[in-house]
Amino acid sequence: FQPIRLVDYQPPEFLVERLSLCISLAADHTLVRATSVLHRNRDAAKKSGPLLLSGEHLELLEVRLNGEKVAPDAYRTTPESLEIDTVPDDFQLEVVTRLYPDRNTALSGLYRSSGMYCTQCEAQGFRRITYYLDRPDVLTRFFTRIEAEAESFPVLLANGNLVAAGRLPQGRHFVEWDDPFPKPSYLFALVAGNLSQIEDSFVTRSGRRIVLQIYVEEHNRHKCDHAMASLKKAMKWDEEVYGLEYDLDQYMIVAVDHFNMGAMENKGLNIFNAKYVLASPETATDQDYLGIQAVIAHEYFHNWTGNRVTCRDWFQLSLKEGLTVFRDQQFSADMDSAAVQRINEVRTLRQVQFREDSSPLAHPVRPEEYVEINNFYTVTVYNKGAELIRMLYTLLGEAAYYRGFALYIQRHDGQAVTCEDFVQAMADASGRDLSPFMRWYTQAGTPQLTIQESWQQEQGLYGLTVSQQTPPTPGQPRKVPVPIPLLIGLLDDQGNDLTATLSGDHERRGDDVLLEVTEAEQQFRFTGLTSRPHLSVLRSFSAPVKLHSFRTRDELAFLSVHDHDLFNRWDAAFSLSELVLLDLVTEDSADRDERGISDSYLQAMQSLVRSSITDLSLLAEALRLPTENYVLQKLEQIDPDRLYQAYHRGKQELAAFLETDLLDLYRKYRSTGAYRFSREDVGQRSLCGVCLDYLASLAAHRTDLTELCRSHYQEAGNMTDRMIALTAAVQLEGDLREALLADFEQAWHREPLVMDKWFAVQASSSAADTVGRVEKLLHHPDFSLNNPNRVRALIGTFGQNHFHFHHHSGSGYRLVTRVILELDALNPQVAARMAGPFVSWRRYDGQRQQQLRASLRSMVEKPGVSRDLYEVANKSLG
Ligand code: B3K
Ligand code: ZN
């Protein structure tokens with residue numbers, strides 16, 4: 001497999017003026033007639049030569065040039081292309097292809113899901129529908145006619161506006177859609193099915209009435225209200241905050257059961273994984289409600305950042321994804337608790353992105369090469385990409401940021417552009433030279449910050465020496481410094497903010513001081529202080545960096561109670577917990593039994609539990625420990641057994657110390673009233689969930705606590721509470737676990753999204769028999785490799801179950817490897833994702849290394865391996 005490189009980018013040799021598709025769905029195949037008007041591109045390097053179109057898994061039936069049939073010896077096909085030897089500079093091309101959507105298990109292109117037809121064209125699925133210039137910098141106006149049997153497929157949808165519909169002979173019918181906005185092929189969509197819809201409307205600030213429709217299977221119609229409400233909130237928010245209004249007259253969302261990702265922003269016709277549309281209190285958890293709100297907003301925001309202004313090539317993916325994630329994060333912060341929102345973003349960054357960034361798969365936010373682009377829809381491109389936009393926001397300040405954004409849209413509406421174009425608009429609007437900032441796009445790896453404090457009492461002089469260093473990553477042995485916006489605050493011993501009274505002209509962002517670290521090492525001085533301040537640093541997590549720990553535990557304990565910045569307050573508690581857990585993992589087992597967890601830590605956690613934090617979601621987050629998957633990043637060599645033992649011992653010790661407080665909190669906030677998705681109620685449930693999780697860790701020999709789990713389950717009036725109880729019970733081996741799992745399955749076997757939870761909760765269990773259980777679940781009648789949600793629920797979750805996946809017997813490795821190899825033949829995108837847990841094999845002991853490596857080799861060497869899996873496994877082997 002040859003990699004594609006950014007440096008080889010060439011503008012397209014042909015441009016498409018318009019494209020008309022006639023897609024005829026028949027019982028066992030689909031016929032596609034694609035008629036396009038093409039011109040040679042004046043800006044291309046080459047001014048002559050053949051026309052090369054991409055196409056995969058297609059049967060070519062006919063090619064016509066300006067109406068004349070092209071003789072078969074005048075064109076050539078390969079499994080990936082169609083090449084037509086001689087074409088004029090301007091011409092009309094007609095290509096007729098046949099495809100078999102029912103056999104499409106890769107879920108890319110046109111496929112069938114629960115009876116309906118749908119499409120997924122990003123990144124390169126359109127070439128499975130017809131031969132085409134399937135690249136994001138070829139934009140054209142699409143006209144789509146769909147023909148199908150009327151009774152089974154009453155609903156026929158495509159992008160744009162409905163312009164005609166009518167009956168055809170033999171019980172068939174047609175519709176015609178016209179999309180006035182030029183778009184690349186990856187934004188094309190089609191849906192055909194027997195669907196019902198809910199409809200609403202939104203009046204834009206300029207007074208246009210937009211019809212909003214959500215299409216689902218009839219039995220799910222009552223689960224769309226939350227998605228619709230979220231869409232309306234997102235539309236309003238984008239007008240108010242970014243001044244962006246929706247452009248078509250109709251906005252459609254379709255929920256499908258089989259989907260490789262979360263959702264897709266096709267112009268005017270979003271196609272969603274049902275998981276991010278359907279919600280009712282009985283079937284969805286608070287986290288699901290939040291996820292739906294965020295993903296609905298994300299796809300809606302793409303209409304401007306992605307669709308109206310799109311990417312020149314796939315290396316620029318973060319241009320649309322990083323920016324749109326940042327926008328959806330801003331939206332979520334405005335809708336709910338901003339601090340909790342930020343905490344969850346940072347948890348993902350630290351636990352998932354930092355890990356990727358130090359693994360064999362590390363890549364820059366703008367990658368330089370890829371074998372399979374679908375492997376680059378990563379936390380680095382998305383979430384680190386969003387952090388880059390956030391840093392621009394922090395560096396420039398709010399006003400200049402929004403000016404820069406408006407300039408970006410004004411300059412590039414209707415174009416396919418690069419990350420430089422975005423940063424240039426920000427530079428021009430702010431008058432700053434942002435060329436050094438581009439290093440964030442090109443350099444992989446997480447910068448490490450080292451901070452040293454100095455204090456001179458006599459002069460009242462406080463100093464900070466900040467140095468940065470980015471470790472090497474594959475292909476990038478040497479790194480240069482990046483510009484880091486460091487938001488800080490200084491506090492006195494009572495926790496009062498001193499920053500406001502500082503002398504010197506420090507730039508401010510709200511309550512914080514902004515330090516710009518641009519060099520490998522830099523000094524900052526603060527005068528006018530009367531006593532040594534407490535430093536609150538990297539407030540709001542103002543840059544995606546690792547802080548080399550320089551603070552004492554007492555200092556962290558102080559900040560966890562006193563910092564004004566709620567995010568940093570949480571961060572201090574989190575860092576303290578991390579240190580304590582690390583101690584337990586790294587100490588000699590002999591000492592360990594003697595010492596236990598330090599009193600000061602227990603006291604600090606107790607002050608948190610007893611604190612007056614009124615945002616209960618925030619309190620819940622402060623109590624929640626860093627996960628095993630986070631803690632392990634700090635270990636040179638990971639011993640899964642030792643990590644697991646130490647982690648759980650630490651958690652139990654903390655739970656035992658706090659037991660009465662946790663029970664008090666639990667009783668105080670436990671509510672059994674009707675479900676409301678409100679900030680207060682979500683906070684209450686979340687806090688009770690954390691309390692129950694701690695208490696359940698003590699339940700092995702405590703019937704009173706086992707009973708607490710049971711009653712929580714039995715009294716649960718919604719899925720959030722039911723899952724809290726089930727998750728707790730599944731950690732315990734015994735009757736309760738079996739009883740609740742059986743009850744749950746019996747109650748919910750007709751709801752696929754709920755059954756995903758049932759599969760996942762068992763795969764995540766810390767109980768001793770987990771591998772065997774997962775093995776058994778693979779043979780459960782409801783398990784299917786053809787449904788990505790189910791595969792992610794069982795195999796994806798199990799891969800994150802660190803202790804059991806890395807079971808010393810190798811049984812976890814064997815199980816996942818077997819599934820990956822089988823899945824790769826069906827759905828390479830999902831198979832490649834499932835290989836993630838094997839990537840960091842070098843961090844384990846010799847025996848595990850050998851087993852992990854053998855698994856990766858079997859993937860690389862598999863006959864007929866996909867590009868997707870090959871690239872991931874091969875890079876991991878290094
Ligand atoms: N843009 C899509 C992702 C498409 C994934 C292709 N493998 C969803 C999103 O980020 O909004
Ligand atoms: Zn996106």
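When only DSSP loop residues count, what GluC sites (Glu not before Pro) in the range 72-134 have their Cβ near at most 16 other Cβ atoms within 10 Å?
80
May I ask you to derive the relative contact order of the range 4-194, considering only C-alpha pairs under 8 Å and at least 6 residues apart, and to give it as an integer percent?
23 percent
So for the range 1-125, taking the charge dipole from beta-carbon charges (+1 Lys/Arg, -1 Asp/Glu), which of 3, 109, 14 sits furthest toward the positive end?
109
Just going by the charge dipole of the range 749-878, with Lys and Arg at +1 and Asp and Glu at -1 on Cβ, which of 816, 774, 794 is farthest out on the positive end?
Of the options given, the answer is 816.
Considering the options 131, 529, 831, tell which one lies farthest towards the positive end of the dipole of the chain, charges being +1 on Lys and Arg and -1 on Asp and Glu at the Cβ, about the Cα centre.
Positive-end residue among those listed: 131.
With the Cα gyration tensor of the range 722-783 giving a ≥ b ≥ c as the square roots of its eigenvalues, does the rule (a/c under 1.5 for rounded; else a/b larger than b/c for prolate; else oblate) give rounded, prolate or oblate?
Cα axes put the range 722-783 in the oblate bin.
Just to be sure I understand the curve: with the Debye formula and one point per C-alpha of the range 496-568, what is log10 I(q)/I(0) at q = 0.14, 0.21, 0.27 Å⁻¹?
-0.50, -1.22, -1.65
For the range 749-878, just say rounded, prolate or oblate: build the C-alpha gyration tensor, square-root its eigenvalues into a ≥ b ≥ c, call rounded for a/c under 1.5, and beyond that prolate if a/b exceeds b/c, oblate if not.
Note, shape of the range 749-878 comes out oblate.
Output the direction-averaged projected area (hull surface divided by four) of the convex hull of the alpha-carbon atoms of the range 806-864, in nm².
In nm², the orientation-averaged hull projection of the range 806-864 is 3.7.
Calculate for the chain the 222 nm mean residue ellipticity that helices alone would give, adding -39,500 (n - 2.57) per DSSP H run of length 4 or more and normalising by residue count, nearest 500 deg cm²/dmol.
Rounded to the nearest 500, the figure is -12000 deg cm²/dmol.
Using the 10 angstrom Cβ neighbour count as an exposure proxy, how do 198, 271 rank, fewest first?
Lowest to highest Cβ neighbour count: 198, 271.
Take the alpha carbon atoms of the range 1-44, find their center, do the same for the range 739-783, and report the distance between the two centers in whole angstrom.
Their Cα centres are 44 Å away from one another.
Report the FRET efficiency, 1/(1 + (r/R0)^6), for residue 701 and residue 547, where r is their Cβ-Cβ distance and R0 is 51 Å, rounded to 0.05.
Once rounded, the FRET efficiency stands at 0.80.
Can you tell me what share of the DSSP beta bridges in the chain is antiparallel? A percent to the nearest 5 is fine.
Numbers: 107 of 130 bridges.
Close to 80 percent.
Are there any trypsin sites (Lys or Arg not before Pro) in the range 542-632 that are in a DSSP loop and have at most 16 other Cβ atoms within 10 Å? List them by number.
610
If each residue's Cβ is checked for other Cβ atoms within 10 Å, how do 605, 116 rank with the fewest at the top? Each step should come with its number before you reach the end.
On the way: 605 24, 116 21.
Lowest count first: 116, 605.
Which loop GluC sites (Glu not before Pro) in the range 130-216, with loop taken from DSSP, have no more than 14 other Cβ atoms within 10 angstrom of their Cβ?
Filter output for the range 130-216: 151.
What is the spin-label model distance, in nm, from residue 409 to residue 680 if the labels are put 7 Å beyond Cα along the C-beta direction?
Roughly 3.6 nm, to one decimal.
Report the Stokes-Einstein translational diffusion coefficient (µm² s⁻¹, integer) for the chain, Rh taken as the Kirkwood radius over Cα pairs, at 4 °C with viscosity 1.567 mPa s.
45 µm²/s
Provide 326, 541 in ascending order of the number of other Cβ atoms located within 10 Å of each residue's Cβ, fewest first.
Ordered by Cβ neighbours within 10 Å, fewest first: 541, 326.
On a full-extension model of 0.36 nm per residue, what is the gain between residue 629 and residue 151, subtracting their alpha-carbon distance, rounded to one decimal in nm?
167.0 nm
Values in this text are rule-based calculations from the coordinates and carry no lab data. Fair warning: this is a prediction, and the values are worked out from it, not measured in the lab. Quick reminder, even Gly has a Cβ in these numbers, built from the backbone with ideal geometry, and neighbours come from all protein chains shown.
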